[in-house]
Amino acid sequence: MRITDRVFVVTGSGNGMGREVAVELGRRGAHVAAVDIDREGLAGTAELVRATGARITTHVVDVTDDNAVAALPAAVLDAHGQVDGLVNIAGIAQRFALFSDLGAEALDRVPVVNFTGTVRMCRAFLPILLARPEANITNMSSLSALVPFASQLLYSASKAAVKQFSEGLDAELVGTDVRVVTVFPGNVATELAKNSGVEMLDAGSRRVYATSPEAAGRKIVAGIARDRYRVIIGADAHVLHALARIAPRRTARLVARQITSVLREQ
């Protein structure tokens, strides 16, 4: 897909990967409608995108609010005159805990933001994107949708739902001019846990590989430009995905053992 002079709506763009996607789109000559619940974060993103010479508008919207999401397409069209792409980055983490130890608040919150929020945004913008000569939808799944992660069951299940929805949407849109990209990041050095109001798992002296948000943002936008079906981010994601295809149960239990050993030290 051509990026230059196109308009992209990017959710979760107040920080982390969403911010870096917005900045990279600006570098490539696109214009951005940045969406987040964090007004201050959006202001910082806007400053960075404007420094690239791109036009950006900011929209304080909660993707779990049906009415706010439904009103967003008109606001973006009023500001930019067109919409060519939707990049759903907004998401939250759950705390590292066994399923039996999680409270009802996690069940009520994690799937609603990660999965239902993505679906709401797609439903709101799909009619506009179908009318464009070329358009894109990019949805953020996770490595944990490809490899089961013990102590992250609700997060993993919500991201697996995004995977199935996103790739199913791609199949439904065959014969149209809308392409769907699904993103599967491994460990990326963002403040997802902090922004989600949960504590990060302390790995102690263990070395933990993490992709930078800047590198992730570049790879996501490159995937959009190349109409990739899947974008897998990080050496950890590539290795675990390959292992899971060869020995799925062993890989899931390997991950579980590593996480359990860290949890016992907390």
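The values are calculated or read from the model by the stated rules, or taken from the named source; none is laboratory data. The model shown is predicted, which means the values in this text are computed figures rather than measured ones. Reconstructed Cβ throughout: ideal geometry from the backbone, glycine too, with neighbour counts over all protein chains shown. Ligands, DNA and RNA are excluded from the accessible area calculation, which covers all protein heavy atoms including side chains. Shrake-Rupley method; radii C 1.70, N 1.55, O 1.52, S 1.80 Å.
The sum of -39500 (n - 2.57) across all DSSP H runs of n ≥ 4, divided by the residue count of the chain, sets its helix-only mean residue ellipticity at 222 nm to -15000 deg cm²/dmol. The mean sequence distance of close C-alpha pairs (under 8 Å, at least 6 residues apart), as a share of the length of the stretch 5-262, puts its relative contact order at 19 percent.
Rolling a 1.4 angstrom probe over the chain with all protein chains present gives an accessible area of which 52% lies on carbon and sulfur atoms.
Rolling a 1.4 Å probe over the protein heavy atoms gives the chain an accessible area of 47 Å² per residue. When the chain is modelled as a GNM with alpha-carbon springs shorter than 10 Å, which of I37, I224, I232 fluctuates the most? For the chain, modelled as a Gaussian network with Cα springs under 10 Å, the answer is I37. Charge dipole (Cα centre; +1 on Lys/Arg Cβ, -1 on Asp/Glu Cβ; no other charges) of the stretch 5-262 amounts to roughly 1020 debye. The stretch between D78 and E214, if pulled fully straight at 0.36 nm per residue, gains 46.0 nm over its current Cα-Cα span. Amide H contacts of I92 (H built 1.01 Å from N, in plane; Pro and chain starts excluded): N114 sit under 5 Å, all sequence-distant by 5 or more or on other chains. Put E167, E47 in order of accessible area, highest first, and with a 1.4 Å probe you get E47, E167.
Between V174, A235, A30, the Cα set farthest toward the positive side of the dipole of the chain (charges on each charged residue's Cβ, about the Cα centre) is that of A235.
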